[in-house]
Amino acid sequence: MIKASRKGIVGNGVETIKDLSNSLESKNYRGSVVFKVDPTDDQKKILENICPTKALFSIKENNAMGLDNGKCIMCGYCNEVASKVIEIKSKPAMPTKARNQLIDFSSPQLSTEKPYEQIGNELNKKIQKMFGRSLAIRQVDAGSCNGCEIEIAALNNPIYDIERFGIHFVASPRHADVLLVTGPASRNMEIALRRTYEATPNPKIVIAVGACACSGGIFGDTYATTGGIDKVVPVDVYIPGCPPRPQVLVQGLLLAVDRMIKNGI
Amino acid sequence: MNKTNLENYANEITDKFSKMITKTYQNNDEIHFNVELNDMPKICDYIYKNLNARLATIICSDKQKNGGGFVIRYVFEKEDVFIFVVVSVGQDLSFPSIALQIPSAALYEREIKDMFGLIPTGNPDTRPLVLHEHWPEGIYPLRKGFKLETKPGRQEKEYQFLKVQGEGINEIPVGPVHAGIIEPGHFRFSILGENIINLETRLFYTHKGIEKLAESMKLDDVLFLSERIAGDESVANSTAYCQAIEKISQVEIPNRAKKIRTIFGELERIYNHAGTLAGISTDASFPFGAARLNILKERLMQLNESLSGSRILFGVNKIGGVRCNITDENKKLILKTVSEISDDFEKIIHLLKSKSSFMDRLRGTGTIPKKTAHELGVVGVVARCIGIDVDTRRDHPYASYSLHDHKTPQQLMQHKIEMEKRTGDALTRFEIRVNEVQDSFGIIRESLDLDDDALFTSIPVHLEPFRSALGCAESHRGQTLHWVMIGENNSIFRYKVRTASFCNWSIIEQAVLNDIVPDFPLVNKSLDLSYSGNDL
C-alpha cells in the first residue's frame with residue numbers, strides 16, 4: 001500500500017510513487033496461478049473440468065499440465081478446488097512477445113519482475129533513444145468489459161503518472177506509435193479495429209491487453225466475438241491478466257519498445 | 001417484502017381482467033399473469049397508466065423444443081412487487097407492439113426482433129439494434145437452434161441514421177473509436193452552428209453474446225461471466241445473479257455473507273463515484289480536482305485489492321454467499337482507509353464547490369425533462385436527479401440493506417421535499433453522487449459488526465428445470481436486473497440481463513438538446529453510462 005501524504009489532499013504534496021523497491025501489490029492479490037507439484041491424472045481431469053476459460057490443459061506427450069496465462073481470468077477457482085497442486089501468487093504473470101510464451105508448465109518457473117518505477121525509467125531511456133522523448137499510444141476498446149480501461153486510465157493518475165516516462169495517450173490513431181487493444185475483438189468492432197490499425201502510421205506496435213484480447217478470455221470464440229485481437233490484426237506483445245495491473249501494463253510497453261529496437265526501425 | 005402490497009395489486013388486476021387471465025401464480029415478490037397475446041396491450045397499458053408501474057424489462061425465451069413456442073414476459077416494477085405479464089407468441093412469429101403507449105418498450109422490442117426474429121407489429125422503428133447491419137437476415141442468435149460458435153458471413157448494408165435537413169445543418173459523426181480511454185459507441189450529431197439539433201446514439205459495438213454464452217456454461221461459471229458484464233459493476237451484477245439462483249433454490253444466505261455483500265457493494269459504489277466525479281471535473285476543464293479525486297480512487301482500488309485480491313472486486317460473490325472473508329485485520333484496514341478517504345473527500349468537494357467557474361459549467365447543463373425521464377423508465381442517479389425516487393436498495397431490500405433504512409417520518413418528509421426540488425442537470429447529478437459517497441461511508445461503518453457465522457450456505461445439487469426468478473441489485477449506475485431460468489441438468493435455459501445503462505442510454509439524446517457540442521462530454525460523463533453493460 002502506498003503511504004498517503006497526510007499533509008492534506010488539496011495541498012502540494014507529491015503522491016507519485018517513488019520507492020523503487022515497492023511493487024505495490026498487496027499479499028492477497030490474485031496475480032498468477034502457479035503449479036506447486038505435478039498434478040496426478042485425476043487432479044488433471046478435475047482441474048481441466050473446473051477452469052471456466054479452459055486455461056488449464058493437460059499435455060499428452062510429456063504427461064504434464066499447461067497453464068495458458070492468456071486465457072486465465074484469475075478467478076482462483078482452481079486453487080479452491082485443488083489447493084495442494086495450485087497456488088495463487090501475488091506476483092502477476094508477465095507480458096510476452098508471442099502468444100505461446102504465455103503458457104506456463106507444471107514444472108514451475110516464476111518470471112523475474114521489477115518494480116513499476118524501475119521499468120518506467122528503463123522505458124524512458126529507450127523512448128528517448130528511439131522516439132525522441134515521446135511514445136504516443138492510442139487505446140482501442142474492441143469489446144472489453146471496461147475493466148482493462150479502468151487500469152489503463154489509472155496509468156494517467158497522479159500515482160502512476162506515466163507521462164513522466166515520456167508516454168502519452170493521444171486522441172487519434174494517426175498520431176500513435178502504439179495501439180493498446182482490449183476486449184475479445186467483438187464482431188461489431190472488427191471493421192473499426194481493422195480501420196484503426198490501417199490509419200496508424202508505420203512503424204506501429206499492437207499490444208493485446210488482458211485475457212480477452214489474448215485469447216477471447218471468458219467470452220471465448222463465439223458468433224459475437226472473434227476470440228482474440230490477433231485474429232483481426234497482427235499483435236506484437238501480449239499482456240495477460242484480468243485485468244492486468246498498471247505495473248504489468250508498463251512492462252508490456254517496455255517489451256514493445258524493445259521489440260521495435262530489435263526490429264531496427 | 002410487503003405481502004399486502006402484492007395481494008392488493010394481484011386482486012386489483014384479477015378483478016379488472018378476470019376474463020382475460022388464464023393463469024396466475026406467485027413466486028416470492030413476483031406475481032405472474034398468463035394472458036392471451038391479443039389482450040396483452042390492454043393489461044400492460046392498465047398496469048403502466050393506472051397502477052403507475054415502471055416497465056422493468058421484457059424477456060423473451062424460445063421454448064419451441066419444449067413444446068411452448070416463444071414466450072414473452074413483460075415485467076413491471078411497482079414499489080416492492082414485480083408484476084409479470086406472460087404471453088405465448090403464435091405461429092406467425094409476431095406480437096403487438098406496446099411502444100406507442102409505453103415508450104421504453106421500444107428498445108426491448110427491437111432487441112427481441114434481432115435476437116429471436118419475432119416482429120413487433122406497430123413499432124415505428126424496426127432498424128437493427130444489437131446485431132449491426134452486416135449481420136445476415138434470417139439468423140437469430142438466441143433461438144435454441146442457433147449454435148454458439150456459428151460465424152455467419154457479412155453482408156453489405158448501411159445503417160439509416162435520422163437525417164436532419166435544412167440550411168446550415170451539419171453532421172458530426174463520432175466514434176466508434178473515441179478520443180479518450182473509453183468504450184466504443186457511435187454518436188451522430190446534427191448541429192446548427194454549435195447548437196445540437198439532434199443526437200442519435202448507435203451502440204452495441206461491444207456485444208459479446210453474454211446471454212447466449214451463459215446457456216452453454218455451468219451455473220458457477222456464469223457467476224464469473226456476470227462479473228464481467230461490466231467490469232466496474234462486478235459486485236452489483238454478480239449479486240443480482242446470485243440472488244436469482246438463491247431465489248430459485250430458496251436458500252437464505254448467512255447474515256455474515258449479507259453484510260459482506262453490502263460492504264463490497266458500497267466499496268464499489270464509492271470508487272466508481274469518485275472516478276465519475278473526477279471525470280466530471282476533467283470534462284468541466286478542471287484537471288486539478290480530477291487529479292485529486294483520482295488519487296482517492298486509486299487508494300480505494302488498493303483497498304479493494306487488499307480485501308478481495310482484485311482491484312476491481314472480481315471474485316467476491318459465490319452462489320449462496322460470498323467467497324471473500326473480512327477478517328478483524330481487514331476491518332481495521334477498512335475503518336482506517338475509510339476515515340482517511342472520507343476526510344480527504346470532504347476537502348476536495350469543498351474545493352470544487354468553491355470554484356464558481358466549475359459550478360457554473362455544471363449548472364443547467366444536460367437538463368433532463370422529467371416527463372421524458374418517466375417515459376423512458378430511467379433508473380439510478382439519472383432518475384433521482386430529476387426527483388424520480390427509485391433505489392433498489394430501499395425498494396427491494398437485499399443483502400443487509402434493510403438494516404440501514406431507518407429514517408424518521410420527518411426525515412422522510414424532508415427527503416420528499418428535496419426530491420421535488422431536483423432539476424435534473426449535471427450539477428444535481430454531481431451533488432447526488434457526493435451525497436451517495438458520504439452515505440456509503442456510513443453504511444460500510446455500520447455493516448462492519450459482522451455476525452459470527454458461515455460465509456455461505458450450499459445450494460441444492462439439482463435445481464428443478466424451468467424454474468425461474470428475478471434477481472436485482474443497485475449498482476452505482478442504478479438497478480440491474482438478472483432473470484434466470486434453469487434448464488435441464490442444472491444448466492441455464494435463459495439468462496436475461498438488463499443493466500441500468502440499457503434504461504439510461506436513451507435519455508442522453510434528450511439531455512443534450514439545449515446544449516452545445518462542447519458540453520457533450522460533460523453531459524455524457526455526468527450520466528455515467530456503461531457501453532459494455534448495455535451491449536452485453
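The values are calculated or read from the model by the stated rules, or taken from the named source; none is laboratory data. If you're wondering where the values come from, they're calculated on a predicted model, not measured in any experiment. When we count neighbours, we look across all protein chains shown, and the Cβ atoms used for this are built from the backbone with ideal geometry, even at glycine.
See the values below:
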| item | result |
| --- | --- |
| Residue within segment A:213-227 that is surrounded by fewer than 24 Cβ atoms within 10 Å (Cβ to Cβ), of a type in the set (Asp, Glu) and facing another protein chain (nearest Cβ under 9 Å) present | yes |
| Scope segment B:348-370; condition in a helix (DSSP H, G or I), within 20 Å of B:Glu436 (Cβ to Cβ) and in contact (Cβ under 8 Å) with a residue 24 or more places away in the chain; matching residues | B:Ile348, B:Ile349, B:Leu351, B:Leu352, B:Phe358, B:Met359, B:Leu362 |
| Test: B:Ala291 is within 25 Å of the chain's Cα centre (by Cα), within 13 Å of another protein chain (Cβ to nearest Cβ) and aliphatic (A, V, I, L, M) | no |
| Conditions (1) surrounded by fewer than 19 Cβ atoms within 10 Å (Cβ to Cβ); (2) in a helix (DSSP H, G or I); number of the one not met by B:Glu246 | (1) |
| Yes/no for B:Phe82 being crowded, with 22+ Cβ neighbours inside 10 Å and more than 23 Å from B:Leu470 (Cα to Cα) | no |
| Pairs with Cβ under 6 Å, 6+ apart, first in segment B:10-26 and among the aliphatic types (A, V, I, L, M), second outside any helix (DSSP H, G or I) | B:Ala10/B:Ile31; B:Met20/B:Val35; B:Ile21/B:Phe33; B:Ile21/B:Val35 |
| Segment B:7-58: number of residues that are modelled with pLDDT under 85 and either in the same structural domain as B:Gln243 (by TED's automatic domain parsing) or among the aromatic types (Phe, Trp, Tyr) (or both) | 2 |
| Residue check, B:Leu296 touching a Cys at 6+ places or on another chain (Cβ under 9 Å), in a helix (DSSP H, G or I), crowded, with 23+ Cβ neighbours inside 10 Å and at the interface with another protein chain (Cβ under 9 Å from one of its Cβ atoms) | no |
| Residue match in segment B:312-334 (condition: of a type outside the set (Gly, Ala, Ser), within 22 Å of B:Asn237 (Cα to Cα), in a helix (DSSP H, G or I) and more than 9 Å from chain A (Cβ to nearest Cβ)) | no |
| Hits in segment B:207-217 - residues which are more than 18 Å from the chain's Cα centre (by Cα) and more than 8 Å from chain A (Cβ to nearest Cβ) | B:Ala214, B:Glu215, B:Ser216 |
| Test result for A:Ala192, touching a Phe, Trp or Tyr at 6+ places or on another chain (Cβ under 8 Å) and within 10 Å of chain B (Cβ to nearest Cβ) | yes |
| Residue within segment B:413-428 that is part of a helix (DSSP H, G or I) and acidic (Asp, Glu) present | yes |
| Subset of segment B:398-421 [without any contact (Cβ under 8 Å) to a residue 40 or more places away in the chain and over 26 Å from B:Ser526 (Cα atoms)] | B:Ser402, B:Asp405, B:His406, B:Lys407, B:Thr408, B:Pro409, B:Gln410, B:Gln411, B:Leu412, B:Met413 |
| Qualifying strands (runs of 3 or more DSSP E) (wholly inside segment B:146-206; at least 1 residues being within 14 Å of chain A (Cβ to nearest Cβ), surrounded by 19 or more Cβ atoms within 10 Å (Cβ to Cβ) and of a type outside the set (Ser, Thr, Tyr)) | B:186-192 |
| Evaluation of B:Met115 against (1) touching a helix residue (DSSP H, G or I) at 6+ places or on another chain (Cβ under 6 Å); (2) aliphatic (A, V, I, L, M); (3) closer than 18 Å to B:Tyr159 by Cα (one fails), failing number | (1) |
| Any chance B:Phe345 is among the aromatic types (Phe, Trp, Tyr), part of a helix (DSSP H, G or I) and facing another protein chain (nearest Cβ under 10 Å) | yes |
| Single residue of B:Ser354, B:Ser339, B:Ser306 found to be of a type in the set (S, T, N, Q) and within 7 Å of chain A (Cβ to nearest Cβ) | B:Ser306 |
| Some residue of segment A:133-141 being of a type in the set (Lys, Arg), at pLDDT 90 or above and either farther than 28 Å from B:Gln155 by Cα or in a loop (DSSP other than H, G, I, E, B) (or both) | yes |
| Residue match in segment B:122-131 (condition: in a loop (DSSP other than H, G, I, E, B), within 14 Å of chain A (Cβ to nearest Cβ), without any contact (Cβ under 8 Å) to a residue 40 or more places away in the chain and closer than 24 Å to A:Thr226 by Cβ) | yes |
| Selection count, segment A:20-36, where residues are more than 14 Å from chain B (Cβ to nearest Cβ) and either at pLDDT 80 or above or closer than 15 Å to A:Lys89 by Cβ (or both) | 3 |
| Residue satisfying condition, being closer than 19 Å to B:Ala105 by Cβ and out of contact with any helix residue (DSSP H, G or I) (no Cβ under 8 Å at 6 or more places or on another chain), within set B:Glu509, B:Glu488 | B:Glu509 |
| Residues located in segment B:466-508, provided they are β-branched (Val, Ile, Thr) and under 14 Å from B:Ile58 (Cα atoms) | B:Thr480, B:Val484, B:Val497, B:Thr499 |
| Index of the failed condition, A:Glu151 passing every other in (1) surrounded by fewer than 21 Cβ atoms within 10 Å (Cβ to Cβ); (2) of a type in the set (D, E, K, R); (3) within 16 Å of the chain's Cα centre (by Cα) | (1) |
| Subset tally (residues that are within 16 Å of B:Ala473 (Cα to Cα) and of a type in the set (Gly, Ala, Ser)) for segment B:371-386 | 2 |
| Contacts under 7 angstrom Cβ, first residue in segment A:34-57 being more than 23 Å from B:Met217 (Cβ to Cβ), partner in a loop (DSSP other than H, G, I, E, B) and among the hydroxyl-bearing types (Ser, Thr, Tyr), 6 or more apart | A:Phe35/A:Ser106; A:Asp38/A:Ser106; A:Pro39/A:Ser106 |
| Residues of segment B:209-232 satisfying the condition of being closer than 23 Å to A:Glu80 by Cβ and outside any helix (DSSP H, G or I) | B:Ser216, B:Met217, B:Lys218, B:Arg228, B:Ile229 |
| Filter result (assigned to a strand (DSSP E or B) and crowded, with 22+ Cβ neighbours inside 10 Å) within segment B:86-108 | B:Val87, B:Phe95 |
| Residue among A:Val248, A:Val209 that is modelled with pLDDT of 90 or more and not assigned by TED's automatic domain parsing to the domain that holds A:Cys75 | A:Val209 |
| Failed item, numbered, when A:Ile207 is tested on (1) more than 10 Å from every other protein chain (Cβ to nearest Cβ); (2) surrounded by fewer than 24 Cβ atoms within 10 Å (Cβ to Cβ) | (2) |
| Residues located in segment A:165-181, provided they are more than 9 Å from chain B (Cβ to nearest Cβ), of a type outside the set (Phe, Trp, Tyr) and within 21 Å of the chain's Cα centre (by Cα) | A:Gly166, A:Ile167, A:His168, A:Ala176, A:Asp177, A:Val178, A:Leu179, A:Val181 |
